[in-house]
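Written out below as structure tokens is the structure these notes cover.
Every read-out reported here was derived from the displayed coordinates using simple, explicitly stated rules and does not represent laboratory data. Computed from a predicted structure; not experimentally measured. Because the Cβ atoms are built from the backbone with ideal geometry, glycine has one as well, and the counts that use them run over all protein chains shown.
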Amino acid sequence: MSIDVIEMTPGTYQGWHLSIDIDRTARPLTIRPAAGGTVVFDDTGGTTQEGLLYPGWSGYTSHITFQGPFQITNYTIGQTGLISTAWASHMAFNGFTVRGTTAPTTNGQQAWAAYVSSDGIHRASDLTFDDWDVGNTGTSPTVNGLQLEHAPQADGVTALRWTVKGGRWAFVGRLDATAVDIEGWTISGVSYSSFDSEGPAGIVRNMHVTTSGPPIINSPMVDGGGNSW
């Protein structure tokens with residue numbers, strides 16, 4: 001199988017808000033910065049209240065990997081995610097750093113770094129969000145970490161090695177998501193719940209949490225151990 005690669009020139013890309021609706025099953029695609037560099041997406045002065053990437057909102061989207069380092073900075077978003085997925089499969093969004101991103105006052109509790117949503121018809125699958133660093137440093141209202149919301153939810157969501165500082169939630173899972181794997185997060189200064197799962201099936205383990213609200217782990221989510229809440 002051929003895997004195509006797009007290497008982005010390191011530097012700052014201003015005002016990007018992209019819808020991605022393409023099935024790459026036959027020829028998977030990897031998008032990454034050119035060797036040794038970081039790609040920065042900057043929305044300073046933007047007024048759309050939109051995030052950066054919207055895969056699967058207008059059609060089936062699959063087999064695309066974003067492999068950082070990427071940085072998302074100075075976005076102001078509404079009730080959405082910086083990355084918000086719908087009918088998507090075999091997609092990976094790895095190595096993202098979030099800085100200087102805020103939400104309008106009315107939506108401060110509903111803005112997310114990554115938001116696994118649904119088109120209301122199709123079940124997404126095999127989504128990966130590894131190695132994210134979400135730092136709310138002096139921004140208000142803040143963005144949260146990762147949310148799974150709206151049905152039908154995804155079958156297979158992996159999120160490893162996140163760092164989340166500040167915000168109201170680090171992780172929120174709802175409804176019928178399955179095969180959810182949350183591991184190795186470092187969380188601090190989250191005002192409500194560091195981990196709030198009420199519906200999804202999966203496992204949470206090796207979480208390291210300080211100065212944050214207590215977890216909510218409802219069945220069928222399983223506490224896999226190694227957690228320090």
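Measuring r between the beta carbons of Tyr192 and Ser219 and using R0 = 22 Å, the FRET efficiency lands at 0.55. Please list the non-local residues whose amide H lies under 5 Å from the amide H of Asp181, H modeled 1.01 Å from N, same-chain partners needing a gap of 5 or more. Residues meeting the criterion, in which the H sits 1.01 Å from N, are Val157, Thr158, Ala159, Ile203. With coordinates expressed along the principal axes, the C-alpha atoms belonging to the stretch 138-227 extend over 35, 28, 19 Å, beginning with the largest.
Compared with the alpha-carbon gap, the fully stretched path from Asn206 to Tyr13 is longer by 66.0 nm at 0.36 nm per residue. What FRET efficiency do you get for Asp21 and Thr47 if R0 is 25 Å and r is their Cβ-Cβ distance, rounded to the nearest 0.05? The calculated FRET efficiency here is 0.55. Working note: Debye formula, equal point scatterers on the alpha-carbon atoms of the chain, no solvent; log10 I(q)/I(0) at q = 0.14 Å⁻¹ is -0.83.
Counted residue by residue at 0.36 nm each, then reduced by the alpha carbon distance between them, the extension gain from Ser58 to Thr73 reaches 2.8 nm.
Protection proxy ranking, highest mean first, for peptides 9-21, 64-76: 64-76, 9-21, where packing is the per-residue count of other beta-carbon atoms within 10 Å, averaged.
In whole percents, the pair-distance distribution calculated for the stretch 149-192 from its alpha-carbon pairs, binned every 10 Å from zero, is 26, 46, 27, 0. Remark: the chain carries a charge dipole of roughly 340 debye about the Cα centre, counting +1 on each Lys and Arg Cβ and -1 on each Asp and Glu Cβ. Taking the charge dipole of the chain about its Cα centre, with +1 at Lys and Arg Cβ atoms and -1 at Asp and Glu Cβ atoms, the residue from Ser58, Val143, Ile20 reaching farthest to the positive side is Val143.
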